[in-house]
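What follows is calculated from the coordinates using simple rules that are stated; it is not laboratory data. Source: prediction; values computed, not measured. Note that we place each Cβ from the backbone using ideal geometry, even for glycine, and neighbour counts take in every protein chain shown.
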Amino acid sequence: MTLLHFQLLSAAIFCIGLYGVLARRSAVLVLMSIELMLNAVNLQLVAFGAFSGFGTSTGQVIAVFVITIAAAEVGLALAIVMRLFRSRGGVNMDEIDVMRG
Amino acid sequence: MEQAWLIPVFGFGAFAFLALFRKYLPGQGKHLSVLAIIAAFVAVWPVLFDMLDKGVGEHHFPRDWFSAGPLEVGWGIIVDPLTIVMLALITFVSVIVQVYSLGYMRHGNADDPRVGWYFAVHSLFSASMLMLVLADNLLLLYVAWELVGLCSYLLIGFWFERRSAAEAAKKAFVTTRIGDVGLLIGVVLLIVEFGTVDVIEIMNSLGDPGVNQAVVTASAFLVFFGAMGKSAQFPLHVWLPDAMEGPTPVSALIHAATMVTAGVFLVARLFPLFDAVESAQLAIAAIGIVTALMGAAMALVMTDLKRILAYSTMSHLGFMMLALGAGGYTAAIFHLLMHGVAKAMLFLSAGSIMHAAHDETDIRKMGGLRKRMPVTSAAFTVGALALAGIPPLNAFWSKDEILLAVAGGLNPVFVVLFLVAIVLSALYMGRAVLVVFFGKLKPENDGVHESPRIMAWPLALLAVLAVVTGFIALPIGYEGIGTFLVAPGDKPHAFEVVPVWLVASVVLALGGLALAYALYGDEDTSRVDALRERFARAHDVVANRFYMDHAYQWTIDRVVLRVSAFLALFDRKVVNDVGVNGPGLSAVEAGRRLRYHVTGLFADYGLGIVVGVAILGALLWIRSVTG
Amino acid sequence: MSFAERHILEWLIYLPMLTAVVLVALPAAWRLAARWVGVGSGALLMIGSAWVFIAFDYSAGADTFQMIKVYTWLESVGIDFRLGVDGIAAPMVLLTGIVALTGSVIAANVDRDAKNYYILLFVLIAGVYGTFVSIDLFFFFFFYELAIVPMFLLIAVWGSSSTFADFARTKEYGALKLVLMIVAASVLVWIGIIAIYVWVDIGTFDILRLRDAVQDGGLSSGAQKTLFPLVMVGFGLLAGLWPFHTWSPDGHVAAPTSVSMLHAGVLMKLGAFGIIRVGMTLLPEGMEAWALVLFILGTVNVVYGAVSAMAQTDLKYVVGYSSVSHMGYVIMGIATLNSIGLTGATLQMFSHGIMTALFFAVVGAIYERAHTRDTLILNGLASKMGWTTAFFVIAGLTSLGLPGLSGFIAEVLVFIGAFHEQPILGALGILGAALTAVYILRLVARVFFGQRDPQWDDLPDLTPREIAAAGALVVPLVLVGIWPAPFLDVIRHGVDALPGVDALVGGLL
């Protein structure tokens, strides 16, 4: 297992997440895709931290930060999704364009 | 003499007091104003005697007023014979007019509702004029000059509820103000060129080496332009006849002592300036004679009594300017004094008629008033004969002086034209007297009666003066007025008689009167009508005041107002809509177009982020590759 | 220095701010209390300002800047709260005091939300005082901006819209245009100020030290010439400099009476004052290079403003354009760069401030009663509205330069200064004064004189409160007109110390 394997796995997960964010219509799936992307980054951070050889745990610590923030973000985002569902009867992202110019 | 500055202070004080407190004073404080002007009149005499005591000449008493940078402006005074005679004339006529006004501004048993204001402005008017003749520097002179203009505005527009009065007041102020533009430019030019405002200093250094003579010439013309406005010289005379809209005593004051004499005085005060610029002198003489002839011609055809008098004033102001142009300083000022006395009397007589005849001014509706108003008609006749130049009345002497000056100093053409003007003067004055006071009394004037004593006495006093004042020209106690009233730098000249001119002027004046009698001597108007028919076109031109008013009106309506309307439109359409709203609207428009790029769709934003990151990554990669 | 001399200037700024705070604390329903606080504070400001003017020592050896007070603020950058007045600021402080008092008295006529109106008005006044007395560039600019911001709300909320035959000007438009244009211009000023700070590079915003450094060659002539246009246009816009003047008529017309008084009376002077304080003091060579341009623009202002005023049919627009015309004299006077012209310019700032405040007070009073300002409809007001007419005529006569009133002294000094430099432009300026007579007198004849239409029969004259306010404005006009010496002495003290001014030593020749 080398750093490259982690890199490739992380990149694959990130791309899947990116595809999901851009292509899915359901807000829940978009959120899940964002989680995928975040976790891909986490994987990177932890892998770099482990392989850097400096003996520090900076990567791991930051990954913990990201997880924390991601949890908060998901909480917020799901609340928004709930409100959207209640007010619009659906969570199709293509129908949500209140910011249109 | 140092205390001569107090003379105008009475009037200014009365104005300030009346302006603030007239509502709380009995009779709105009108008597206070009369007292103030009497005090000023009394105060003139010690000044005269002091000067006779200390030596006739120019006495200068400077005083500080303010300074800015290196410019020192004072409110000092000059006391010289010119000042003294002007002071005497102004205070005297003002006293007469104010006393007369006490009666004139009373209708039945009630004063005019704004009588206090009337007298307050009267005081200010006299005081400003007194300040004008005392001023020792150009700025103070200009200050007084403008205040005189203001007072004429306020008094002409005294009955401002009448649209015509409001318009006449505006016309007088604006027209004289146009002249003042010239005056102020001239004054400022002189101040900048000589570095001082002091009149005496400037007049003494006119010929100094290093003085730019072009500036001196320009300022002579410009200053004269100011004098033309105030002294109603062609082509700035149009305000004078309209100024009749004010109460009649105001006309007497304006025509005799203040306002119109200011221009003549100014030219006299700055006489060395004009003396130094020959072309300006010639221009003054030319404008003077043109004004004199035009005024006389119009006086001849007008049917409104006050307008006849107004144009007569214009004509006589032309005489004064002509005399000044001819270098006849003494003659001009002398005529100013004599004309002042006579014209005050004529206007007050006209006022007396109007007071009795319900403000009627059309001479065709008058006639035979001699029997009903003996004092008035006697006074008017004396004044008219004086201005017609009949000896021994006062204006005869001064007119004779002018004739001598013109004959001595100018081209014969001027002399001939002046003689024509003398005939015309006698003719229109004769016409006015004959038509108004002689002939049959019209039935509608049956109730007319002599004016109250407070108005009749001033008339009688003036009539006596009109007979006697002329004799100051003669060598009585001195060698004639020419030795007292001398232009700065000139030699005094004794009284002299040149028989040929004396005879010519008397014969022409009498001829004019005879002609008037021949035309207007009886009720039969057919002779006059025939003449009018014969010269219908010329009559039209003159009766329409040479279309000057039309020309001005046209200029204002078609040029000035159009230009200003255009500029206002330019300001709104170009400067504002294009220059200011333009950038604003382009920003709005840009935003309006750019907004379509914002879809509000999450996927689009996401794609934007991805593309952006991709581009950034690509750039970084290229940099790392190229090194 | 006495205790008062040390603290008076800062209190002229604190007091209006404090007034605003006190007003915020007042319950909105206490309308009368708000008025009294406003008027009382105005009176205190007037007393303080008069004290500053009287206590200013103009004797030959006295310091240029007096009553200096310094609080260190950001030492590392060189920004201090630094106050002081010179002979040019002192009359401006007095002007602000007079207009603040009369403005707050007239503002008592405001019915809607008087409390908030007064709050904004006093923030504005604080800004004005701050600008006039700051001798630190940073605070100078800070207060300058502070004075502008409340304008927007004051005009947009309390203003009035006007409709004409073929176009309309809403109050929102007036407010927006006024604030946007001034703020845009102040960006130029700010660039200029920062550039001066950086290029002189002595680490301070202190105007006096910057001035000395510039005099010792701390700023190259090229840099000065580059920076001056920024300052000229930036401040000039607020002074109504052509062709950046259109905010002024529209803004003043839309503004409520007391705001017009303050804005045309005092704020426009901030612009001209800025040209002197920043342009002349810190960029003398730039000033000299651009003087002719400024001179020409000033002359255009005079004539253009007067001719435009002639075509207006709305009383306030006439006054608005007349302000543009009169500020032209100030600009001309500054551009003469000689002691007489600058003295005239400074006196004209004072004189025009008072005069135009009087104008707007009277026109506002007419509008409140007749609900129109159309000069084609109004007529014959004089016989019923004696006081109104008297005050309008006095303001009008001042404006057309009648001797005996302050405008004449100021204008004639500007003319003499101008003739010394550019006789042709000076002559055009005098022509402008004659045009002023035309439009003012036409207006007076049309609106106040003549037959009165029956619909105006019941218009009441000014209330005693308004008469008191207008009378308080007439006093300085007459005083300066008759006895200008005290004012000119103070101004001379300031003008003589300005860099790059031709003192015309040895007479005018």
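Per 0.36 nm of contour for each residue apart, how much would the distance between residue B:109 and residue B:524 grow if the chain were fully extended, relative to their Cα-Cα spacing?
Extra length available between residue B:109 and residue B:524 comes to 145.3 nm.
Take the alpha carbon gyration tensor of segment B:53-127, find the square roots of its eigenvalues, order them as a ≥ b ≥ c, and report rounded if a/c is under 1.5; if not, report prolate when a/b exceeds b/c, else oblate.
oblate
For an R0 of 51 angstrom, estimate the FRET efficiency from the Cβ-Cβ distance between residue B:593 and residue B:213 and round to the nearest 0.05.
0.15
Taking only Cα atoms, what is the 0 to 90° angle, nearest 10, from helix B:30-54's long axis to the longest principal axis of chain B?
With rounding to tens, the tilt is 70 degrees.
Work out the FRET efficiency for residue B:615 and residue C:180 from their Cβ-Cβ distance, taking R0 = 45 Å, and round it to the nearest 0.05.
My answer for the efficiency is 0.80.
In segment B:323-403, which chymotrypsin sites (Phe, Trp or Tyr not before Pro) fall in coil by DSSP and have 13 or fewer other Cβ atoms within 10 Å?
Those that pass, being in a loop and sparsely packed, number zero.
Scan segment B:514-585 for trypsin sites (Lys or Arg not before Pro) in coil per DSSP, keeping those whose Cβ has at most 12 other Cβ atoms within 10 Å, and list them by number.
When the trypsin sites (Lys or Arg not before Pro) of segment B:514-585 are filtered for loop state and at most 12 Cβ neighbours within 10 Å, nothing remains.
How crowded by other chains is C:437-447, given as the mean number of beta carbons from other chains within 10 Å of each beta carbon?
Averaged over the peptide's residues, the number is 6.
Using only the Cα atoms of segment B:384-469, build the gyration tensor, take square roots of its eigenvalues as a ≥ b ≥ c, and label the shape rounded, prolate or oblate: rounded if a/c is under 1.5, else prolate if a/b is larger than b/c, else oblate.
Judged from the Cα gyration tensor, segment B:384-469 comes out oblate (a/c at least 1.5, b/c at or above a/b).
Hydropathy first: keep DSSP H helices in chain C averaging at least 1.0 on Kyte-Doolittle, then drop any whose Cα extent along the axis falls short of 24 Å, and list what survives.
C:3-25, C:31-55, C:89-106, C:114-133, C:137-158, C:171-200, C:221-238, C:284-310, C:339-370, C:423-443, C:464-482
Just flag the trypsin sites (Lys or Arg not before Pro) in segment C:17-84 sitting in loop per DSSP whose Cβ has no more than 11 other Cβ atoms within 10 Å.
Of the trypsin sites (Lys or Arg not before Pro), not one in the loops of segment C:17-84 has a Cβ with at most 11 other Cβ atoms within 10 Å.
List C:199, C:158, C:456 from most exposed to least, where exposure is judged by having the fewest other Cβ atoms within 10 Å.
Listing C:199, C:158, C:456 from fewest to most nearby Cβ atoms yields C:199, C:456, C:158.
Given R₀ = 45 Å, what would the calculated FRET efficiency be for residue B:493 paired with residue B:535, taking r from the Cβ atoms and rounding to 0.05?
0.60
So which aspartates and glutamates pass the test for residue B:442, namely a Cα distance under 17 Å, with those fewer than 8 places away in the same chain ruled out?
B:304, B:359, B:360, B:362, B:450, B:522, B:523, B:524
Which whole-number percentage describes the relative contact order of segment B:361-416, with Cα contacts under 8 Å and a sequence gap of 6 or more?
Once normalised by length, the contact order is 14 percent.
For chain B, what does the relative contact order come out to in percent, with C-alpha contacts under 8 Å and a separation of six or more?
11
To the nearest 500 deg cm²/dmol, what mean residue ellipticity at 222 nm is calculated for chain C from DSSP H runs of n ≥ 4 alone, each contributing -39,500 (n - 2.57), summed and divided by the residues?
Computed mean residue ellipticity for chain C: -23500 deg cm²/dmol.
Find how many whole Å separate the alpha carbon centroid of segment B:1-79 from the alpha carbon centroid of segment B:89-126.
Using only Cα atoms, the two centres lie 19 Å from each other.
Check residue B:495: other-chain or 5+ apart residues with amide H under 5 Å from its amide H, H built from backbone geometry?
Residues meeting the amide H criterion: B:480, B:482.
So how tilted is helix B:374-388 from the main axis of chain B? Cα-based, degrees 0 to 90, rounded to 10.
Around 80 degrees separate the two axes.
Give me the dipole magnitude in Debye, nearest 20, for chain C about the Cα centre, with unit charges on the beta carbon: positive for Lys and Arg, negative for Asp and Glu.
1020
Cα-Cα over 26 Å: which of B:230/B:306; B:343/B:371; B:399/B:491; C:225/C:316; C:171/C:384?
From B:230/B:306; B:343/B:371; B:399/B:491; C:225/C:316; C:171/C:384, over 26 Å: C:225/C:316; C:171/C:384.
May I ask you to list the aspartates and glutamates whose Cα is less than 20 Å away from that of residue B:30, ignoring any residue fewer than eight positions away on the same chain?
Qualifying aspartates and glutamates at Cα under 20 Å: B:111, B:112.
Work out the mean other chain Cβ neighbour count within 10 Å for the residues of A:30-37 and drop it here as an integer.
Mean number of neighbouring Cβ atoms from other chains: 1.
Between rounded, prolate and oblate, where does segment A:3-88 land on the alpha carbon gyration tensor, with a ≥ b ≥ c its root eigenvalues, rounded for a/c under 1.5, else prolate if a/b exceeds b/c?
oblate
Summing Lys, Arg as +1 and Asp, Glu as -1, what charge do residues with Cβ under 13 Å from the Cβ of residue B:563 carry, residue B:563 excluded?
It works out to a net charge of 0.
Work out from phi, with θ = phi - 60° and the Karplus expression 6.51 cos²θ - 1.76 cosθ + 1.60, the ³J(HN,Hα) of each residue of segment B:566-579, listed in order in whole Hz, and give x for Gly and Pro.
So the J values, rounded to whole Hz, are 5, 5, 5, 5, 4, 4, 6, 7, 8, 5, 7, 5, 8, x.
Please determine, in degrees from 0 to 90 and to the nearest 10, the orientation of helix B:81-104 with respect to the longest principal axis defined by the Cα atoms of chain B, where the helix direction is its Cα long axis.
The helix B:81-104 is inclined about 90 degrees to chain B.
Add -39500 (n - 2.57) for each DSSP H run of 4 or more in chain B, then divide by its residues: what number comes out at 222 nm, to the nearest 500 deg cm²/dmol?
-23000 deg cm²/dmol
For B:104, B:517, which order do you get if you count the other beta carbons within 10 Å of each Cβ and list the fewest first?
Starting with the residue having the fewest Cβ neighbours, the order is B:517, B:104.
Out of the DSSP beta bridges found with both residues in the protein assembly as shown, what percent are antiparallel (nearest 5)?
DSSP beta bridges in the protein assembly as shown are roughly 95 percent antiparallel.
Tabulate in residue order the Karplus-calculated ³J(HN,Hα) for segment B:256-270, using 6.51 cos²θ - 1.76 cosθ + 1.60 with θ = phi - 60°, rounded to whole Hz; enter x for Gly and Pro.
These are the phi-based 3J(HN,Hα) values: 9, 10, 10, 6, 5, 6, 4, x, 4, 4, 4, 4, 5, 4, 9 Hz.
With θ set to phi - 60° and the Karplus curve 6.51 cos²θ - 1.76 cosθ + 1.60, what are the ³J(HN,Hα) couplings of segment B:214-227 in order, to the nearest whole Hz, using x for Gly and Pro?
Values per residue, Gly and Pro as x: 5, 5, 4, 4, 4, 5, 4, 5, 5, 5, 5, 4, x, 4 Hz.
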